[in-house]
Amino acid sequence: MTDTRGSARRGRRPGDSGTREAILDAARGRFSSEGFRSATVRAIAGDAGVDPSLVMHFFGTKQALFVAAMEFPINPADVVPHIVGPGIDGLGERLVRFLLGLVDELGEANPMLGLVRSAVGHPDAARMMREFLGEAILDRVAAAIEADRPRLRADLCASQIVGILMARQILALPELAAADRETLVGVYGRTIQRYLTEPLDPR
């Protein structure tokens, strides 16, 4: 029997919907196996049996493709500049307010929680999340920091944000889960602001 799978993949897709889904399926496979940084648009296009230009036609950037493949509710590239743009003052509270607002709005349907859960026990998922967060969010936050060791400061902020997701949404610590959002914005926001602006060296 002749194996026609290769020729079928190289053939023309029956429509935009089928082509888009084929690209997303290929992207999930590549991101999962190679991580965000190593997975290339060309390789994803090859797996989907389409030209790389078609991937860019549908998604524009690799970041946007990742967001769509992981079914994230927002693209950080669209949001982070607006959070960082006003400057370092108040950035901690803006980050926490946005995160908690998004999480509360989406509830358990939030795919970011699934990725955090996967990252805990699966090195490939952890690498994928780490690389994407680095390029899409932490590099942008670090660029806005005028103090010393900006990338360490950005990573400290990320550790706090992931900690909020773990403790409040996944572990569901009772008092934390029931706490008023603005209380949490104030408390966590001050902690993150300290990471952004205060000296890191022990006194």
For the range 110-177, which GluC sites (Glu not before Pro) are in a loop by DSSP, counting at most 11 other Cβ atoms within 10 Å? 146
Would you kindly state how much longer the chain becomes between residue 143 and residue 122 on full extension, computed as 0.36 nm times their sequence separation minus their alpha carbon distance, in nm to one decimal? 4.6 nm
Report, in order of residue number, the helices in the chain meeting two criteria: a C-alpha extent of 18 Å or more along the helix axis, and a mean Kyte-Doolittle hydropathy of at least -0.5; treat each whole DSSP H run as one helix. 91-106, 150-164, 181-197
Averaging sequence separations of C-alpha pairs under 8 Å and six or more residues apart, then dividing by the length of the chain, give the relative contact order as a whole percent. 23
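Any read-out appearing in this document is the output of simple, stated calculations on the displayed coordinates, not a laboratory observation. This is a predicted model, so every value here is computed, not measured. Ideal geometry is used to build each Cβ from the backbone, glycine not excepted, and the neighbour counts take in all protein chains shown.
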